[in-house]
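What follows is a set of notes on a single structure, which appears directly below.
The values are calculated or read from the model by the stated rules, or taken from the named source; none is laboratory data. A quick note: this is a predicted structure, and the numbers were derived from the prediction, not measured. Cβ sites come from the backbone with ideal geometry, for glycine too, and all protein chains shown count toward neighbours. Accessible surface is based on the protein model in full, side chains and every heavy atom, while ligands, DNA and RNA are left aside. Shrake-Rupley method; radii C 1.70, N 1.55, O 1.52, S 1.80 Å.
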2 protein chains.
Amino acid sequence: MSVRDTHISLGHGNGGRMMRELIEGLFLPALSNPQLDIGADAVPLPLPADRELVVTTDGFTVKPLEFPGGNIGSLAVHGTVNDIAVSGAVPRFLTLSVFLEEGLEIATLRRVIGALAAAAQDCGVAVVAGDTKVLGRGDCDGMYLAATGIGFRRRGTRLAMADVRAGDRILVSGPVGDHGAAVLLARQEFGLQGDLRSDSASVLPAAQALLRVPGLRFMRDPTRGGLATVAHELAGATGLTLSLSEERIPVNEAVQSVCELLGFDPLYLACEGRLVAVVAADAADQALHALRAVAPQAALIGQFTRGSAQVILDTAFGGQRALDELQDDPLPRIC
Amino acid sequence: MSVRDTHISLGHGNGGRMMRELIEGLFLPALSNPQLDIGADAVPLPLPADRELVVTTDGFTVKPLEFPGGNIGSLAVHGTVNDIAVSGAVPRFLTLSVFLEEGLEIATLRRVIGALAAAAQDCGVAVVAGDTKVLGRGDCDGMYLAATGIGFRRRGTRLAMADVRAGDRILVSGPVGDHGAAVLLARQEFGLQGDLRSDSASVLPAAQALLRVPGLRFMRDPTRGGLATVAHELAGATGLTLSLSEERIPVNEAVQSVCELLGFDPLYLACEGRLVAVVAADAADQALHALRAVAPQAALIGQFTRGSAQVILDTAFGGQRALDELQDDPLPRIC
C-alpha cells in the first residue's frame, strides 16, 4: 500500500480509505513492531517482574518542524524518553498522537516519521499505539505531536526533590542552551546563520550511569525554560537556596555568541539532551566521574544551602545575582 | 495559588511562573490524585498481579469545544477509556497533553478541565501525567487534547478481528450517529436547532458485561467514520462479507431527521458511547441479553458469511446495497 497523494487533506483524517493508506503506507513501514501491528485501538504490553511502571507525556510544537540536529519527530522521542530516563527507569514504549494541517507535504511527514522511527530504535523504544487527526488549513501550523512514554524501573526506586538536602551538589551533563539557540537560528528571523545544532538526544546513558551512584537524590532534563527553570523548581520545592557558579556552567561558544547578539540568556534556553542531577555532597566526585564516562563535558555547577528559596548565580566577575523565575515566554514553540 | 489572568497567553506555556500558576490554580485542583501530585516528569504506577497492561492513545480536536452532551474534556476521557474498555481491560490511568491557543478564555479551559475531571472520576481513571503547550494566535483553533489511556486486563485475554469466523453475529450497544449529529448541529452552520445530544459516555459497563459471555470475539467503539467504518475494518481484516440489517440498526429519530435534511448517512457518523461486538452465532442471544442489562437499546444487527471482503446493507425495503468505505472526510473535527 502506498500513499498516492503529495499533500495532507482532510480525508487523511476521517478513518476511511485515505487514512488507511496513510497509516499503511507511511506510519506502519517506519514504526512496525509486534505491538503496533495488531491493528487494535488498545494494545497489551509485557510487564517485567520486580519492576514498576513509569509513565510521562509531552506535547511538541517546535517551529520550524526541522532544524539542525533533528526534527519534531526525533525531538518527540528524545523529550519523552528523557523524562522516563531521569525518573530512573528504562523507556520501552511510546504512544504517538499526530495533529496534521491540511496541505502539509507528505514528504515532510515522511521525513519526520522517519527520524522519529530512527530515534526510537536508537533509544530502544517501540511506538505501540498511535492516532492521527487532520485539521483544516490554518487550524494548526504544519504538525504537532503528543507522545506518552512508558518505562520500567526497579521497584522502590526513589528520586524526589523532597529528598534534596542542604549541602547537596548539582551537576549538569553538558553545555546548556544548544537546542533553544539552534531552533532560534533555524527560524531565520534574525538573518543569522551558524553551525549551531540542537543537542536533542537521549540522556538514558547518563541517567543509568548516575543511578549506580549512592547518594543520587534527583534528576531532571532542563527543557522549556532551561537550567534556570529547573533550578527554580528545585529551590521552590526544597525551600533551600541554590547557588550556581556561572563559570562552571558549560555553554558552547556559538550559543553564547548568539545569546549576546540577540539578548537571550543561555541559562533560560531549552536543552533536549542534557540532564541535571542532585547528589549528596560526599557523592559529588563519584557522580561527576560516572557522568563524564558517558558525557565528557559534564560539570559540577553548584550547591544547596540553608536560606530562602531562591537561585543565586555566582558570576564570573566575583559578584552574585538572583536568577529570576521566567515570566513571559521569550521563545515560544521551542519544543 | 489562583490564575490571575482571564485569557491564555504565550507565557502560560513557558515553563515559568505563569505556567506554574495555571497548573497549580487550574489543572491540579481539578485533577488531583496521588500520582499526579508528585510534580515529577514521569510517575510510577502500581501494577496489579496477573494482569496485563493495555495502552491506547487518541487526539481530540472537536469543533465546537463544547456541545450538547459534553465538551472536548469529557470526550477525551470517554474516547480513551472506551478504547481500553473494548480491549477487555479496565481503564485506570490517563495522561493528558493539552494544546492551547493564545487568547483562549481561561473560563472555557476551566469548564473543559472540570468536565474532564468529572468524567475521569465517573470512569474510575486518574490523570497521572500532563503537559501543556501554548500556541500563538492562529496556530491552533482554541484547544486540542491528546490522551493516552492505560488499563489492566486478565492476562491472556484474547479479542481480535482475526478470531472472527463466518457465521458470527454482530451487535451494537445502542443508537448510532448521535455524537456526529449533535456536533454537526452545535456548529450552527446550518441554521438548525434541535435537542440532539452527544452519546459521549463510557462503554466500560457494556464491555465488562460482554466479557463474561463465552464466544465473544471482538469489540470496538465506532467513533470517526461510524458503524460503517468499523464494519469495513472487520470485513477487510477477516476477508468475510458482513451483512447488516438496516431495519435492526438503532438510529434515533432526531439523528435520522438531521441526516435526511443535511444529506448525511447516520451509519458513517461518529458515536462516542457505543460499542460494536462480534460473537459466535450460538452466543448471540446470551450476548444480547447481557448487553441489554446495561444498554437497553442494544441490538443484533448482522452476521458474517463467506464471500468477498465487503459490507452489504440489507435495506428496509428488501433490497441490498454495498456500504462503501469512507472516502473524503464529510465531517472533519468531529472528535
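Could you identify the single residue in A:V77, A:V55 that is open to solvent by less than 20 Å² (accessible area, probe 1.4 Å), within 30 Å of A:E189 (Cβ to Cβ) and under 26 Å from the mean Cα position of the chain (by Cα)?
Among A:V77, A:V55, only A:V77 is open to solvent by less than 20 Å² (accessible area, probe 1.4 Å), within 30 Å of A:E189 (Cβ to Cβ) and under 26 Å from the mean Cα position of the chain (by Cα).
Given the structure, is A:I84 of a type in the set (A, V, I, L, M, F, W, C), more than 9 Å from chain B (Cβ to nearest Cβ) and open to solvent by less than 40 Å² (accessible area, probe 1.4 Å)?
Taking the combined requirement at face value, the residue does not satisfy it.
Looking for whichever is open to solvent by 40 Å² or more (accessible area, probe 1.4 Å) and within 20 Å of A:N14 (Cβ to Cβ) here; the options are B:D282, B:D328. Which one fits?
Unique residue meeting the criteria: B:D328.
Here are the criteria: (1) over 20 Å from B:A228 (Cβ atoms); (2) open to solvent by 10 Å² or more (accessible area, probe 1.4 Å). Tell me which single one B:L262 does not satisfy.
That leaves (1) as the condition not met.
Tell me, yes or no, whether the stretch A:214-227 has at least one residue that is assigned to a helix (DSSP H, G or I) and buried (at least 24 other Cβ atoms within 10 Å of the Cβ).
yes
All but one of (1) more than 9 Å from chain A (Cβ to nearest Cβ); (2) under 29 Å from B:A207 (Cβ atoms); (3) of a type outside the set (K, R); (4) open to solvent by 50 Å² or more (accessible area, probe 1.4 Å) hold for B:P46; state the number of the condition that does not hold.
It is condition (1) that B:P46 fails.
Could you tell me how many of the residues in the stretch B:301-312 are away from chain A (no Cβ under 14 Å), outside any loop (DSSP other than H, G, I, E, B) and farther than 21 Å from B:G180 by Cα?
Qualifying residue count for the region: 5.
Can you tell me which residues in the stretch A:1-43 are more than 8 Å from chain B (Cβ to nearest Cβ) and among the acidic types (D, E)?
A:D5, A:E21, A:E24, A:D37
So which residues in the stretch A:313-335 are closer than 30 Å to B:K133 by Cα, more than 8 Å from chain B (Cβ to nearest Cβ) and out of contact with any Leu (no Cβ under 7 Å at 6 or more places or on another chain), if there are any at all?
A:A322, A:D324, A:I334, listed by residue number.
Pick from B:D131, B:D195, B:D168: which is modelled with pLDDT of 95 or more and among the acidic types (D, E)?
Criteria check complete, one pass: B:D168.
With closer than 30 Å to B:C140 by Cβ, touching a residue at least 60 places away in the same chain (Cβ under 8 Å) and within 22 Å of the chain's Cα centre (by Cα) as the only criterion, which of A:L300, A:L331, A:L275, A:L291 stands out? Explain how you work it out, then say what you get.
Working: A:L300 fails: closer than 30 Å to B:C140 by Cβ; A:L275 fails: closer than 30 Å to B:C140 by Cβ; A:L291 fails: closer than 30 Å to B:C140 by Cβ.
Going through A:L300, A:L331, A:L275, A:L291 in turn, just one is closer than 30 Å to B:C140 by Cβ, touching a residue at least 60 places away in the same chain (Cβ under 8 Å) and within 22 Å of the chain's Cα centre (by Cα): A:L331.
Listed residues A:M143, A:M161; which is surrounded by fewer than 20 Cβ atoms within 10 Å (Cβ to Cβ) and touching a residue at least 12 places away in the same chain (Cβ under 8 Å)?
The conditions single out A:M161.
Out of (1) over 14 Å from the mean Cα position of the chain (by Cα); (2) within 14 Å of chain A (Cβ to nearest Cβ), what's the single condition that is false for B:P175?
Single failed check for B:P175: (2).
Specify the residue that is nearest to B:I106 (Cα to Cα); the eligible residues are those in the stretch B:26-45 that are touching a residue at least 12 places away in the same chain (Cβ under 8 Å) and aliphatic (A, V, I, L, M).
Among them, the one singled out is B:L26.
Just name the residue that is farthest from the other protein chains (Cβ to nearest Cβ) out of those in the stretch A:128-152 that are hydroxyl-bearing (S, T, Y) and either in contact with a Pro (Cβ under 8 Å, 6 or more places away or on another chain) or under 20 Å from A:R333 (Cα atoms) (or both).
The residue in question is A:Y144.
Can you tell me how many residues within the stretch A:150-203 are of a type in the set (S, T, N, Q) and either in contact with a Lys or Arg (Cβ under 6 Å, 6 or more places away or on another chain) or within 30 Å of A:T305 (Cα to Cα) (or both)?
2
Of (1) at pLDDT 95 or above; (2) in contact with a Leu (Cβ under 7 Å, 6 or more places away or on another chain), A:G124 satisfies all except one. Which?
(2)
I'd like to check something: does the stretch A:201-223 contain any residue that is in contact with a strand residue (DSSP E or B) (Cβ under 8 Å, 6 or more places away or on another chain), within 14 Å of chain B (Cβ to nearest Cβ) and among the basic types (K, R)?
yes
Sort through A:T132, A:T108, A:T148 and tell me the only one that's under 21 Å from the mean Cα position of the chain (by Cα), open to solvent by less than 30 Å² (accessible area, probe 1.4 Å) and of a type in the set (S, T, N, Q).
Details: A:T132 fails: under 21 Å from the mean Cα position of the chain (by Cα); A:T108 fails: under 21 Å from the mean Cα position of the chain (by Cα).
Among A:T132, A:T108, A:T148, only A:T148 is under 21 Å from the mean Cα position of the chain (by Cα), open to solvent by less than 30 Å² (accessible area, probe 1.4 Å) and of a type in the set (S, T, N, Q).
For the subset of the stretch A:182-213 comprising residues that are charged (D, E, K, R) and open to solvent by 30 Å² or more (accessible area, probe 1.4 Å), which member is nearest to B:V134 (Cα to Cα)?
My answer is A:R187.
Please go through the stretch A:6-27 and give me each residue that is open to solvent by 10 Å² or more (accessible area, probe 1.4 Å), outside any helix (DSSP H, G or I) and more than 11 Å from A:E101 (Cβ to Cβ), ordered by number.
Hits for the stretch A:6-27 are A:T6, A:G15.
Can you pull out the residues in the stretch B:228-254 that are of a type in the set (V, I, T) and surrounded by fewer than 23 Cβ atoms within 10 Å (Cβ to Cβ)?
B:T238, B:T241, B:I249, B:V251
Tell me, yes or no, whether the stretch A:95-118 has at least one residue that is of a type in the set (A, V, I, L, M, F, W, C), closer than 30 Å to A:R217 by Cα, away from every other protein chain (no Cβ under 11 Å) and in contact with a helix residue (DSSP H, G or I) (Cβ under 8 Å, 6 or more places away or on another chain). Show your work before the answer.
As a first pass, look at the stretch A:95-118 and keep what is of a type in the set (A, V, I, L, M, F, W, C): A:96, A:98-100, A:104, A:106-107, A:109, A:112-113, A:115-118.
Subset that is closer than 30 Å to A:R217 by Cα: none.
Within the stretch A:95-118, not a single residue is of a type in the set (A, V, I, L, M, F, W, C), closer than 30 Å to A:R217 by Cα, away from every other protein chain (no Cβ under 11 Å) and in contact with a helix residue (DSSP H, G or I) (Cβ under 8 Å, 6 or more places away or on another chain).
Report, by residue number, each residue of the stretch A:231-260 that is more than 9 Å from chain B (Cβ to nearest Cβ) and of a type in the set (A, V, I, L, M).
If we filter the stretch A:231-260 for residues that are more than 9 Å from chain B (Cβ to nearest Cβ), which is where we start, we get A:231, A:234-235, A:238-260.
Result: A:A231, A:L234, A:A235, A:L240, A:L242, A:L244, A:I249, A:V251, A:A254, A:V255, A:V258.
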